[in-house]
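Worksheet: the structure to be examined is printed underneath.
Derivation of every value follows stated rules applied to the coordinates shown; laboratory data play no part. Computed from a predicted model, the values in this text were never measured in an experiment. For neighbour counting, all protein chains shown are included, and Cβ atoms are generated from backbone atoms with ideal geometry for every residue, glycine included.
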Amino acid sequence: MAYQLQNPQSRVSTSTLLGQVLGITAMGLCVTAGSVYIFQNSVAFGASMIAMLIGFGLLIAINATRGNPALSLMLFYAFAFAEGVGISPIIHAYATTIGWEVVYNAALTTGLGMIALGCVVYATGIDFRRFQGILMLALLGLIIVGVISMFTHFVSPTVYSWITLVIFSGFVLINFARIRAGGDGQTAVQLAVTMYLDAINIFLALLRILGGRSRD
């Protein structure tokens with residue numbers, strides 16, 4: 001209801017913000033796809049970990065340069081490229097053992113799913129931001145379980161992937177709600193970063209789920 005009471009200028013501004021975020025996110029994912037294609041067969045595990053560490057540093061730099069949109073955007077694309085280098089061994093492993101079809105299906109399902117989640121937010125008007133604290137706790141628990149499971153294997157990869165899928169789908173709802181509310185003081189690039197990370201985590205979860213089914 002609060003959204004319906006906003007003036008037309010506010011609605012236009014929110015629509016513009018949505019377009020900017022989705023455009024930046026889509027371009028970032030294209031950069032990542034290109035990076036994966038280039039390095040799919042030439043990156044060792046150690047190099048991929050270094051790329052992930054570089055990406056983490058770039059994330060910090062993006063937040064530090066929020067006052068300079070052009071620089072922040074350039075850093076985001078550099079981060080998207082590093083992320084592609086980081087995940088390229090994973091993509092290559094699935095492509096060679098199962099086939100590229102599972103990779104394409106995971107990517108397509110990710111895109112369609114995120115569009116559907118965005119439609120839910122804008123169609124229902126529900127402010128999913130109220131669930132952010134719960135999801136953050138769930139994510140923290142997921143990380144802890146993941147670390148423990150590396151040594152004990154008490155959670156199957158498929159179950160872990162489904163939980164990951166649910167949690168990051170929830171974050172997509174929250175991020176769309178944040179954009180709908182005007183961004184909560186975040187820039188379009190910062191919002192695109194969170195949306196991009198949601199997409200990557202959903203894609204990797206779906207890749208594990210679909211890949212597991214293909215092996216059965």
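Compute the Cα gyration tensor for segment 81-185, then decide on rounded, prolate or oblate, letting a ≥ b ≥ c be the square roots of its eigenvalues: rounded whenever a/c is under 1.5, prolate when a/b is larger than b/c in the other cases, and oblate in all that remain.
oblate
Taking the beta-carbon count within 10 Å as an exposure proxy, list Thr97, Thr187, Thr32 from fewest neighbours to most.
The order, fewest Cβ neighbours first, is Thr97, Thr187, Thr32.
Taking neighbour Cβ counts within 10 Å as the exposure measure, how do Ser48, Ser13, Ser35, Ser42 sort from fewest upward?
Lowest count first: Ser42, Ser13, Ser48, Ser35.
Hey, what did the chain get for relative contact order, percent, Cα under 8 Å, at least 6 apart?
29 percent
When the helix-only estimate is applied to the chain (DSSP H runs of n ≥ 4, each -39,500 (n - 2.57), divided by the residue count), what is the mean residue ellipticity at 222 nm, nearest 500 deg cm²/dmol?
-29500 deg cm²/dmol
If you rank Phe81, Phe203, Phe45, Phe131 by fewest surrounding Cβ atoms within 10 Å, what's the result?
By the 10 Å Cβ count, ascending, the order reads Phe45, Phe131, Phe81, Phe203.
If you place +1 on the Cβ of every Lys and Arg and -1 on the Cβ of every Asp and Glu, how big does the dipole about the Cα centre of the chain come out, in debye to the nearest 20?
280 debye
Using a Förster radius of 22 Å, what is the FRET efficiency between Met49 and Tyr160 based on their Cβ-Cβ separation? Nearest 0.05, please.
The formula returns an efficiency of 0.65 here.
In Å and whole numbers, how far do the C-alpha atoms of the chain stretch along each principal axis, longest first?
Computed over the chain, the largest-to-smallest principal extents equal 54, 35, 31 Å.
With only alpha-carbon atoms in the gyration tensor, what are the semi-axes of the equivalent ellipsoid for segment 60-142, in Å, largest first?
Those come to 27, 24, 15 Å.
Charges on Cβ only, +1 for Lys and Arg, -1 for Asp and Glu, centred on the Cα centroid of the chain; of Ala33, Ile62, Leu207, which one is farthest towards the dipole's positive end?
Ile62
Is any helix in the chain, taking whole DSSP H runs, at least 15 angstrom long along its axis by alpha carbon and on average at least 1.0 on the Kyte-Doolittle scale, and which ones?
Passing helices, by number: 45-64, 69-97, 100-124, 132-152, 157-180, 188-215.
Give me the distance between the Cα centres of segment 45-75 and segment 138-216, rounded to whole Å.
The two parts, judged by their Cα centres, are 20 Å apart.
With a ≥ b ≥ c the root eigenvalues of the C-alpha gyration tensor of segment 27-78, is it rounded (a/c under 1.5), prolate (a/b larger than b/c) or oblate?
It is oblate, given that a/c is not under 1.5 and a/b is not larger than b/c.
By how many nm would the segment from Ile148 to Ile60 lengthen if fully extended, with 0.36 nm per residue of separation less the alpha-carbon distance?
Contour length minus the Cα-Cα distance gives 29.0 nm.
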